[in-house]
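Enquirer: Dropping a structure here in structure tokens format, bear with me for questions.
No value in this document is a laboratory result; all are computed from the given coordinates. In this text, all values refer to a predicted model and were calculated from it rather than measured experimentally. FYI the Cβ positions are ideal-geometry reconstructions off the backbone, even for glycines, and counts take in every protein chain you see.
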Amino acid sequence: MVTQIEPYVMLSIVLFVLGVMGVLLRRNAILIFMSIELMLNAANLSLVAFASYWGQTSGQIFVFFVIAVAAAEVAVGLAMIVAIFRTRQSINVDDLHQMEG
Amino acid sequence: MENLGLLAPLVVLIPSIGAIINIFWGARLGEKWVGSIATIASALTFGVVVLLYVFMNYNYYQGVNVNPPVFESWINIPSAGLNIPWQQRVDSLSVTMMLIITGIGTLIHVYSIGYMHGDERYHRYFAFLNMFLAFMLVLVTANNYLVMFVGWEGVGLCSFLLIGFWFDRSGVAWRNSLAARKAFIMNRIGDFGVIMSMVLMFAVFGTLTYYEAGEVANPTYNEHLVEEIQHEAEAAEADLATGISEVTVGEVANAGEHTAAEPAPAEGQHAAPAEGEHETGPALPATSNDSIVYEDLGVFSRAQILSEQGGDVVVGPFTMPITTALTLITLFLLLGATGKSAQIPLFTWLPDAMAGPTPASALIHAATMVTAGVYIMVRSNVLFELTPTTMAVVALVGSATALVGGFIAMGQWDIKRVLAYSTVSQLGFMVAAVGVGAFGAAIFHLVTHAFFKALLFLASGSVIHGVEHGHHHVHEHGHDDEHDDHEEAFDPQDMRNMGGLRRRMPVTYFVYLIGTLALMGIFPLAGFWSKDEILADAWTAGLQDNNVIGYIVFGLLLVSAGFTAFYMWRQIVLVFHGKPRTEAAGHAPESAKMMLVPMLVLAFFSFFGGFMNTPRGVLGLEKIFGPHELTEWLESSVMRVHAGEFYLWIAILSLVVAIGMAIMANRIYARVPVFNRKRDPLEMMEATQQMWTMANARLYWDNFYDRIFVNPFRRTSAWLATELDDRFLHDWVHNKVLWNGFNAIAHFLSRDVDQKVVDGAVNGAGRVTRWGANTLRRSQSGYIRVYAITLLFGVVVVVLVLLLPLLQRG
Amino acid sequence: MIDLWPFIIVGALAIAAAVMMLLSDNAIHSALSLILVMVCIAFMFLMLNASFLALIQITVYAGAIMVLFLFVIMLLGNAKLRGNPKPDEGSARHFRWFVPLVFALSLGLLFSFGFVVINAQTGASTAPQPAPRVRVLNAWGEDMPVSVYVDAVLITEGVAQGESTAWFPIPEGGAQISVAPGTDGEPVALDMQIPAGEAAAVIAYGTGALPELRVVSQSTSTVFPSSQSRLQFINLSEARPTLQVLEQTRGFVNTLSALVPAIATGQLSEVVQHDAITVDFAIVDPARPDAVIYRIDNYRFAENDTDLLVIMDALSSDGAVRTVLAPFRAPAEAPYGTPQQVGYSLLTTFMLPFQVIGLLLLASLIGVIVLAQRSAKPKARPAQRRVVSRPLPSVIAAQVGQEVVTTADAPRLPDAAEPAPGAGD
């Protein structure tokens, strides 16, 4: 049982913001993906912290699901990156703007 | 045996099937098949009715209700408390009617096979006949007024169809169609009465059913019956004890002999448990309705109870004494009866209805359908008995109709028209009998009249047939002569074109004579007994109840009996005696056997039919035929029937009147062998000229109706058609107001609203959308990071919005 | 209080690793830094009592997912991914405002969260305690089931003699517990108030017409090694003023030893720990230790549990009073954060989401296979078909031996050796 969770939440926020900055500032698709994983981990951390704080299992279950979804997402995402790299020989996300209106 | 009553639905079903077959496949089947199918259907129905008659005998004449399988709840609206089953009533009255309808119907079917031979709508005719039988049987077997009304309307329809059967015959097509229409419209006026009567009945009594299951129609009769049965049983036991093995069960329970081994009891009866030793035959009938609650009684018993209680009834917005309500109900029923049974004031359709084929006239407009009014009044005898006012009206209407019909018949030339007015007159006799409370006599006269009037019509058909054939014969042989005018003007029904047919058509003459004598009321033919009973009952009514109406009726009926003898003998003389007045009459052949056989059968019944109700004390005849058989038989279902007394002086008086008038007619018409073909001797005599003109002009009755109702109606409808409909509605409202107004509104809508406002809005929406899209598309750069930072921006905003209130609360 | 120093060290390490991941030009280095972050977070999970998730974090994230990343980097070639690719001219012109905005928004997010977390009085300084729990034990002498009410609201009925209700919460402000014999007997009421987070047992006992009630604290705050079980005795027997509980040890010679000191009527014994799995108990009068009053053979302990054993008077059917020992086992509860607990809720409450996640994984598996298949196909077919289906003017010219189209921009058959157009753009 944890009595104080502010430090955990603060750490989670810092990691989350770092992930956000990584997504926005890096042009390397793999790096962006890693930043997304960082954000997910930060969210997981705060989920676990709150779960422990309230003495409830649900938060942990949710983290379990997040990890499972993340695994699926990484598998698909990396497959797409490989596919894009095959066709364009580049994983610079700035090159991928064919969808502009 | 006790289940024979369940055959009742077949009575309606069999002729319906015949009609359906003939309607849909008749055209392909050919005359032989069509005629046989229709006739067999009719004969089968007659067979079923005979079985029903056997059942009635077995069941101590007690009526039963039969629920046909499919229609068990015909009209069932629980929320309105309305449950009218399609229920059939098999009792002595309805079986009597059924026997007449199917028996005479079958004979007329046979006759029609010959008579209608060669008609282009042969199958249709037989389909109509079968359909008529079905509806007529619905009418008489119904156990409530609504089902009865179905049959009532159905026979009206069939009557319309058959009167207008030759709606396209050259020269008379319009007359036939108009006659059909006239009959239909006149009957609708009567139907209004029936409907009003039913509505009132439902409002007052809450039911339309005649008798509920287990209800006793005539408790007094049943009491006597039970006593008699028990007495018989005791006597039989006593006989057994003394060693006499021959047991004769009394005439009331005579069916018991045949059914000694059959188990008890009949369905629908309140089983009054029989004595232990009396195990054969059906259970003894109940003797009263006291054990049945008001809600389980039929309309008649309810009427009796309410009438005994007195007091007021509430009918919709009106409150009236029960007597008033009953009087209204019966008066409306009388209106219906005057329509269907051709009484004053609605009788004028019946003579015109002779436009139809003669066998149809015989069946519908002489023997059966026109008696429906009498039947329904007899069926409602309880209601009529409760209302003396209506009874007086009925008596007066009936006797007046008898007089008027007889009078007009004396001045007609058309052979069928004479018979038609005779029918009106005889129906007047029946209605008058109802009016003086002689319900049994009314039915008795209905039965005998059905025999001899059907016979007369068939015979007249035979005469017409013969004259027509004779005319064709003459025409074929003498077509070199210039006879065109002659041919067009020739009317085979005009008695002036006949004469001397006695030698040409001996059988027809014979049966016609029997029919005429029966109708005149000559002893001992059928008409004598029935007419005499009506007269005697009228006299009794006057004598016993000190009722002036009875004497009036007696007088009027006696006079009309004289008229009857006169016009009928006039007809005999004009048609059969003397010498042929035209070549056609001279060459008329005797009709085919197919037509003669039914006439002979009917002649037999016209002769002997009266013995079914022989009064006591006439030459010991009742010992041969049994006294008052018909009355006793009817007593089980008609409450106020009573055996009429026999007055010798009345019988002699009426015989004298009839024979005297016949002799007078003979002297007037037979004296002049070949008189002026266009004019009647009476017309040429100063003293009788006016009277004869009145009779020939039918007392100006039709002209009166034309003046009062038809012409104003025509003028009104013409005015409505030209002025209101054409000028106002079509020319002004439709053309000016609606068309122009519509045009103006449409122009406004299309030019101003649609083109400017709607199109502008739609085009404007398109322009705005295009401009907005052009502006917004620039934001879609396609760079992921732009989308991501937009998302982040949103996240920050949402986080702030969510968290700031939390801050404040803290 | 958390262990501050380990937290600060691990947290700082996590942040530093995250920053390194962001700044590194080498994708391999970035991936390795991310693995470090994840290990740190797994450590945090351990500190938060989420031992099962910590293991999952290491195996799935650090193990499987990051290996996948490294594998892809290796597949694509680390050299090609090196460095932050230069922005093209268009994006550089468009996104001059981009980097400042990113920093501004990130800081905004950071500070808004941080401000709230630090300053908001969300009650975060003290952890909430679960509601106080109570269970009722039926040790009443009459062999009759009882009904239990809290503030006149029926909780359980038909609790037979020697049975216990499940734990049920009561309001923190205190409540009235009533025990009624049968289903509609006259209730015996007891007002009680216990602090949040605590637990208590209400024992119905006695041999009278109505049971008497007694409250015994059941708090499990005292920490024990989990493999041991705990025992506590209470003497509620009126018939025997003082009793002693003996434990029988089976061996070559059966020996009896006192388990707890003699307990007087109404007295609660110490909590004793016990290693054994099954044990034989006997209760005796201290004055006559050889006369066994009541015995239980082969009593099985539950691990990590505190059993309350009540010495009670039971009325037999002939009206005589017998002293018996009734064990009331505490309802078992799995400890927080263990695989057992997580798995239990996963397979009960969250069964449907669990299955849906499985389906999702299956779908992603199929999706990945499809993606890999499609990108592996070379574009060989269209070129071949063009030759067959649409003869070019040059081909026709070659066949007829005459120039058909002389214009220079007549389409030419692409050379098969050339790379497909557009692949390099």
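Enquirer: Show me, for segment B:105-117, the HN-Hα J-couplings you get by feeding each phi into the Karplus relation (A = 6.51, B = -1.76, C = 1.60, θ = phi - 60°), rounded to Hz, glycine and proline as x.
Expert: x, 4, 4, 6, 4, 4, 4, 5, 4, x, 5, 8, 3
Enquirer: What GluC sites (Glu not before Pro) does segment B:1-81 have in DSSP loop regions with at most 14 other beta carbons within 10 Å?
Expert: Here the sparse-neighbourhood loop sites are B:Glu72.
Enquirer: To the nearest 20 debye, what is the magnitude of the charge dipole of chain B about its Cα centre, counting +1 on the Cβ of each Lys and Arg and -1 on the Cβ of each Asp and Glu?
Expert: 4300 debye
Enquirer: Then there is this: Between the DSSP loop rule and a limit of at most 14 other Cβ atoms within 10 Å, which GluC sites (Glu not before Pro) in segment B:277-374 are left?
Expert: B:Glu277, B:Glu279
Enquirer: Follow-up. Let me make sure I get this right: for segment B:80-119, a, b and c are the square roots of the gyration tensor eigenvalues over alpha carbons, sorted descending. Under 1.5 in a/c it's rounded, otherwise prolate if a/b > b/c, else oblate. Which is it?
Expert: oblate
Enquirer: Ok, one more. Relative contact order for chain B using alpha-carbon pairs under 8 Å, separation at least 6, rounded to a whole percent?
Expert: With pairs under 8 Å counted, the relative contact order is 12 percent.
Enquirer: I need B:Val463, C:Val179 ordered by Cβ neighbour count within 10 Å, fewest first.
Expert: So the residues, fewest neighbours to most, are C:Val179, B:Val463.
Enquirer: Specify the inter-centroid distance of segment B:120-186 and segment B:414-444, based on alpha-carbon positions, in whole Å.
Expert: Centre-to-centre (Cα) distance: 21 Å.
Enquirer: Over segment C:129-219, what is the mean sequence separation of C-alpha contacts under 8 Å (at least six apart), divided by residue count, expressed as relative contact order in percent?
Expert: So the answer I get is 34 percent.
Enquirer: Taking Cα atoms, how many degrees apart are the long axis of helix B:686-696 and the longest axis of chain B, rounded to 10 and kept between 0 and 90?
Expert: Orientation of helix B:686-696: about 30 degrees from the principal axis.
Enquirer: Tell me the label-point distance for the pair A:Met80, B:Ser750, using the 7 Å Cα-to-Cβ offset, in nm and rounded to one decimal.
Expert: Here the answer is 5.6 nm between the modelled labels.
Enquirer: While we're looking at this one, here's another question. Quick check: from the Cα gyration tensor, does segment B:1-143 come out rounded (a/c under 1.5), prolate or oblate?
Expert: It comes out oblate by the Cα gyration axes.
Enquirer: Something else about it: Name the longest site-free stretch of chain B, where the excluded sites are trypsin sites (Lys or Arg not before Pro) in a DSSP loop with no more than 12 other beta-carbon atoms within 10 Å.
Expert: The longest uninterrupted stretch comes out as B:170-670.
Enquirer: Related question: Where a ≥ b ≥ c are the square roots of the eigenvalues of the C-alpha gyration tensor, would you call segment C:129-219 rounded, which needs a/c under 1.5, or, failing that, prolate if a/b is larger than b/c, or oblate?
Expert: prolate
Enquirer: I need the GluC sites (Glu not before Pro) found in chain A, filtered to DSSP loop residues with at most 15 other beta carbons within 10 Å of theirs.
Expert: A:Glu100
Enquirer: Determine, from the Cβ-Cβ distance of B:Leu653 and B:Met694 and an R0 of 30 Å, the FRET efficiency 1/(1 + (r/R0)^6), rounded to the nearest 0.05.
Expert: The formula returns an efficiency of 0.65 here.
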